[in-house]
1. For the condition more than 25 Å from GLU163 (Cβ to Cβ), modelled with pLDDT of 95 or more and of a type in the set (A, V, I, L, M), what is the one hit in ALA342, ALA322?
2. Does at least one position in region 146-157 carry a residue that is closer than 17 Å to GLY84 by Cβ, among the hydrophobic types (A, V, I, L, M, F, W, C), open to solvent by less than 70 Å² (accessible area, probe 1.4 Å) and in contact with a helix residue (DSSP H, G or I) (Cβ under 8 Å, 6 or more places away or on another chain)?
3. Considering only region 46-70, state which residues are over 12 Å from PHE259 (Cβ atoms), hydroxyl-bearing (Ser, Thr, Tyr) and surrounded by 14 or more Cβ atoms within 10 Å (Cβ to Cβ).
4. Can you go through ALA284, ALA301 and tell me which one is under 21 Å from the mean Cα position of the chain (by Cα), surrounded by fewer than 17 Cβ atoms within 10 Å (Cβ to Cβ) and more than 21 Å from LEU85 (Cα to Cα)?
5. Across region 100-112, what is the number of residues that are within 15 Å of SER159 (Cβ to Cβ), among the hydrophobic types (A, V, I, L, M, F, W, C) and open to solvent by 50 Å² or more (accessible area, probe 1.4 Å)?
6. Quick check: anything in region 325-344 outside any loop (DSSP other than H, G, I, E, B), within 24 Å of the chain's Cα centre (by Cα), more than 30 Å from THR44 (Cβ to Cβ) and free of Cβ contacts under 8 Å to residues at least 12 places away in the same chain?
7. Of ALA254, ALA277, ALA247, which residue is assigned to a helix (DSSP H, G or I), modelled with pLDDT of 95 or more and over 29 Å from GLY202 (Cα atoms)?
Amino acid sequence: MSATIPVPPVTPVIPVTPSSRAFMSDNMAGASPQIAQAVADAATGQVPPYGNDPFTDSARRRLGEIFERDVDIFPVSTGSAANGLSLAALTPPWGSVLSHPDSHINTDECGAPEFFTNGAKLVGVPGPDSKIDPEALRVAVRRRAGDVHSVQPSVVSISQATESGSVYSVEEIRRLSAIAKDAGLRVHMDGARFANALDHLGATPAEMTWQAGIDVLSFGATKNGAMTADAIVSFDPALATELAFRAKRAGQLASKMRFHAAQIDAYLTDGLWLRNARRANEMATRLGDGLKSIPGAGLLAAPQANILFCRLPQQVTEGLLAEGYTFYHDRWEPGIVRFVTAFSHSADDIDQLLEAVRHHTR
């Protein structure tokens, strides 16, 4: 008898969901019209491949302007690639990456950081609200340093905004970076929702990154209006050559890079990225304020970005799902629901969701 071949679990296919009922992730939203048009415009004419094109040059200039300094950029197709390649340039294979246990690199990237770094170990550093506690980090950066039998603390990775929707203040980033740098570690920021965090703080991109000690940023755009593009932004010129070779080796140096770059260029034009983030954040705040007034709907924390966790009775969750709403539920613990708002949501979308929650609590 032939051996049975194990079949990996299949993620259920979710039918196309109207935008008004899609709250599973901001990845469910489509693209901003300006970005879609930019891709269409880039589809005409002949330009050099592999990033030697005017679209990539323009994106680099715009990023330099918003960060108030020259930067090296490497457009990539996914945030996981941005994180993995960034970390690979910052740590040796015998190093460790210190991050919060809830971080995306630790929970949702299927070992990609370990793969890209050729085996570096992820080490969790706890703290409330999915943020690294400074005192816990102060211990972690020195743990078994110099011991040839142990992985060596090499880089701290900060998620901004975090997986629970909290946002590090600029001062918190500075403090964590100072602890890392004092121990000889580099600092990476996973900015999948970078614009949402920036809008919440009212800070400048420079203040929230290199001026606060960040060496390399995974600059997210896909969740906030782009189609298929994120970017690595390096503030350290010494890393440029290694990042370039690593991106090529990882299959992330697209031959038609203009399509990635055109998205980033349009994303940054006329403040589109900040307007999109502001809309998503405002919709999360509106949803949170509305849930507070509904008996049985317990808000776990006021949203700081565009992610909201709450506790809902089972009948409410089932009722919303039956109506076609999509969102994560019971993934963290029974009764806990996560709603994620996007740039494409309207106030009416939020009000309809709130009315549906009220209906099912009666």
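1. Unique residue meeting the criteria: ALA322.
2. Looking through region 146-157, at least one residue is closer than 17 Å to GLY84 by Cβ, among the hydrophobic types (A, V, I, L, M, F, W, C), open to solvent by less than 70 Å² (accessible area, probe 1.4 Å) and in contact with a helix residue (DSSP H, G or I) (Cβ under 8 Å, 6 or more places away or on another chain).
3. Filtering region 46-70 down to residues over 12 Å from PHE259 (Cβ atoms) leaves 46, 48, 50, 52, 54, 57-58, 60-70.
In the following step, the residues that additionally are hydroxyl-bearing (Ser, Thr, Tyr) were identified as 50, 58.
Residue satisfying the conditions is SER58 alone.
4. Residue meeting the stated conditions: ALA301.
5. Going through region 100-112 one residue at a time, the tally reaches 0.
6. Within region 325-344, not a single residue is outside any loop (DSSP other than H, G, I, E, B), within 24 Å of the chain's Cα centre (by Cα), more than 30 Å from THR44 (Cβ to Cβ) and free of Cβ contacts under 8 Å to residues at least 12 places away in the same chain.
7. Details: ALA254 fails: assigned to a helix (DSSP H, G or I); ALA277 fails: over 29 Å from GLY202 (Cα atoms).
That would be ALA247, the only listed residue that is assigned to a helix (DSSP H, G or I), modelled with pLDDT of 95 or more and over 29 Å from GLY202 (Cα atoms).
Each row is one residue, and each column tells you yes or no for (1) in contact (Cβ under 8 Å) with a residue 24 or more places away in the chain; (2) closer than 23 Å to ASN281 by Cβ.
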{"position": "PRO153", "(1), (2)": "yes, no"}
{"position": "ARG175", "(1), (2)": "yes, no"}
{"position": "ARG193", "(1), (2)": "yes, yes"}
{"position": "ILE214", "(1), (2)": "yes, yes"}
{"position": "SER218", "(1), (2)": "yes, yes"}
{"position": "THR222", "(1), (2)": "yes, yes"}
{"position": "ALA231", "(1), (2)": "yes, yes"}
{"position": "LEU239", "(1), (2)": "yes, no"}
{"position": "PHE245", "(1), (2)": "no, no"}
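The values are calculated or read from the model by the stated rules, or taken from the named source; none is laboratory data. Remember, predicted model here, so these are calculated numbers, not experimental data. Reconstructed Cβ throughout: ideal geometry from the backbone, glycine too, with neighbour counts over all protein chains shown. What goes into the accessible areas is simple: the full protein's heavy atoms, side chains included, and nothing from ligands, DNA or RNA. Shrake-Rupley method; radii C 1.70, N 1.55, O 1.52, S 1.80 Å.
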